[in-house]
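The structure appears right after this line, and notes come after that.
The values are calculated or read from the model by the stated rules, or taken from the named source; none is laboratory data. If you're wondering where the values come from, they're calculated on a predicted model, not measured in any experiment. Cβ coordinates were reconstructed from backbone atoms using ideal geometry, including for glycine residues, and neighbour counts include every protein chain displayed. In case anyone asks, the SASA skips ligands and DNA or RNA and just uses the protein heavy atoms, side chains included. Shrake-Rupley method; radii C 1.70, N 1.55, O 1.52, S 1.80 Å.
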Amino acid sequence: MEGESSDSLTPTTTTQNESTVNTEAENLDQKIMNQMDQIRKEIEESVPLLSNKDNMNTLSKEYPEDDAIYQDKIQALSLQYRWIRRTRRDGNCFYRAFGISLMEVLRKNSDQYDRIYKIIEDSKDCLIDLGHQAFIIEEFYEIVIDMLKNVRKEECTDDKLEEWFNDPDLSNYFVVYFRLLTSAHLKANAAFFENFIDGYQSVQDFCSYEVEPIGKESDHIHIIALTGFLNIAIEIVYLNHTDDGLSKHCFPEDSNPQFTLLYRPGHYDVLYT
């Protein structure tokens with residue numbers, strides 16, 4: 001009987017040991033994740049959502065001096081653009097870079113202002129028609145409309161625009177609403193865009209997972225959709241580690257861009273001549 005009791009205890013002890021090891025591993029994983037989240041939070045808090053304009057030459061300091069590919073491309077950039085405005089690397093950089101650039105255009109161009117204002121003024125009904133609930137989108141819509149109403153006022157300076165887009169509430173409300181506009185254009189033209197979406201069964205699913213959630217990075221399809229919704233042209237300059245020189249692309253093609261963004265893998269900033 002004693003032998004049987006000893007044998008019967010063995011698997012239980014082993015299971016308990018395995019459970020302890022698994023728990024310790026899970027705790028370690030969670031501890032590492034918490035540390036990474038804290039580091040990420042500290043980095044985000046130390047970097048503004050949107051920087052002042054910096055001299056283009058400051059970009060070279062972000063890359064090794066002996067990296068000829070990047071240094072040569074940055075030198076080429078500095079011959080064409082004088083200033084760079086950096087954005088926080090939080091997955092929303094495209095919308096913030098696009099947003100302040102758009103506002104800078106609208107502040108100075110009354111024709112563009114009237115046209116864009118009308119499009120965004122009518123956009124709430126478009127979103128409701130596509131299935132969004134009015135009471136959910138109303139507050140985001142009102143914030144963007146208020147920003148548009150104020151952008152043409154004399155007191156709306158470059159500093160004021162920077163202040164808007166560095167205010168977490170204003171900036172994030174703007175980002176959320178412009179993500180919805182991007183999604184709206186994709187959904188309204190689903191038959192076209194479904195040919196360019198991989199890994200999702202529908203444009204609706206793609207928008208739910210890759211466009212509308214805040215913090216999701218943006219790619220060509222997002223740019224095509226947002227510029228298509230607003231009927232505005234922009235230029236993207238690509239800075240990457242290839243030996244084929246700087247490349248540029250206008251959205252839509254063969255258009256006269258209203259402003260220029262700099263794309264580095266996974267990130268967008270603003271360029272100024």
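So the values come out like this:
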item	result
Output for segment 184-211, where each listed residue is buried (at least 17 other Cβ atoms within 10 Å of the Cβ) and not aliphatic (A, V, I, L, M)	H185, K187, F193, F206, C207, E210
Test: residue in segment 125-133 that is open to solvent by 60 Å² or more (accessible area, probe 1.4 Å), of a type in the set (D, E, K, R) and without any contact (Cβ under 8 Å) to a residue 60 or more places away in the chain	yes
Number of the exception - A76 against (1) touching a residue at least 60 places away in the same chain (Cβ under 8 Å); (2) part of a helix (DSSP H, G or I); (3) surrounded by 15 or more Cβ atoms within 10 Å (Cβ to Cβ)	(3)
Where a residue in segment 188-207 is polar (S, T, N, Q) and its partner, wherever it lies, is assigned to a helix (DSSP H, G or I) and open to solvent by 50 Å² or more (accessible area, probe 1.4 Å), with Cβ under 9 Å and at least six apart	S202/E194
Matching residues, segment 207-223, being in contact with a Leu (Cβ under 7 Å, 6 or more places away or on another chain) and assigned to a helix (DSSP H, G or I)	C207, V211
Verdict on K187 being over 21 Å from R88 (Cα atoms) and in a helix (DSSP H, G or I)	yes
Counted residues, segment 125-139 - those being under 22 Å from the mean Cα position of the chain (by Cα) and under 20 Å from T227 (Cβ atoms)	1
Flag if V175 is open to solvent by less than 60 Å² (accessible area, probe 1.4 Å), part of a helix (DSSP H, G or I), in contact with a Gly (Cβ under 8 Å, 6 or more places away or on another chain) and β-branched (V, I, T)	yes
Condition broken by M147, with the remaining ones in (1) open to solvent by 50 Å² or more (accessible area, probe 1.4 Å); (2) assigned to a helix (DSSP H, G or I); (3) of a type in the set (A, V, I, L, M, F, W, C) satisfied	(1)
Residue count, segment 230-262 (criterion: over 30 Å from D122 (Cβ atoms), part of a strand (DSSP E or B) and without any contact (Cβ under 8 Å) to a residue 60 or more places away in the chain)	3
In segment 79-112, residue most open to solvent (accessible area, probe 1.4 Å) [restricted to those that are more than 24 Å from P48 (Cα to Cα) and assigned to a helix (DSSP H, G or I)]	K108
Subset tally (residues that are under 20 Å from R179 (Cα atoms) and among the acidic types (D, E)) for segment 113-161	8
Any hit, segment 240-257, residues being on the phi < 0 side of the Ramachandran plot, open to solvent by less than 20 Å² (accessible area, probe 1.4 Å) and not hydrophobic (A, V, I, L, M, F, W, C)	no
Selected residue (criterion: surrounded by the fewest Cβ atoms within 10 Å (Cβ to Cβ)) from residues of segment 154-171 that are touching a helix residue (DSSP H, G or I) at 6+ places or on another chain (Cβ under 9 Å) and among the acidic types (D, E)	D169
Within segment 45-65, considering residues that are in a helix (DSSP H, G or I) and surrounded by fewer than 13 Cβ atoms within 10 Å (Cβ to Cβ), the one farthest from the chain's Cα centre (by Cα)	K61
Flag if I214 is open to solvent by 60 Å² or more (accessible area, probe 1.4 Å) and at pLDDT 95 or above	yes
